[in-house]
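The values are calculated or read from the model by the stated rules, or taken from the named source; none is laboratory data. Remember, it's a predicted structure, so these values are computed and weren't measured experimentally.
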Amino acid sequence: MHARSCCRFNQRVFGGQLPANLKITWNAHLKTCAGQCSHTLWRRGTEDVYTAEVSLSTKVLDSYDKLANTLCHELVCTPTPPRGTHSLTPAAHTPHTDV
């Protein structure tokens, strides 16, 4: 599953409301949990900046079905940026990781 697939899923299911800078990574430290979502709201100068990350387990996700189900679950858990905040664009943040 590639970042392009996640972008299509974002458009079709979430109406493009997931954060523009959503980072998806593999995490070898997740041994019993298939995935997790984290998000941060911080201030940069006069702007409030929102970042979000989905981490997926390299140990637990051993099939495409598990990966797809977990990724969908974590994307549902990813809140949309609060109104009035700025999401860093992918060019200004670490790019998506192919999953």
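Worth pointing out:
- Subset tally (residues that are more than 13 Å from the chain's Cα centre (by Cα) and part of a strand (DSSP E or B)) for region 28-56: 7
- Residue in region 51-72 that is at pLDDT below 80 and not basic (Lys, Arg) present: no
- In the set Gln36, Gln17, only one residue is at pLDDT 90 or above and within 14 Å of Thr78 (Cα to Cα); that residue is Gln36.
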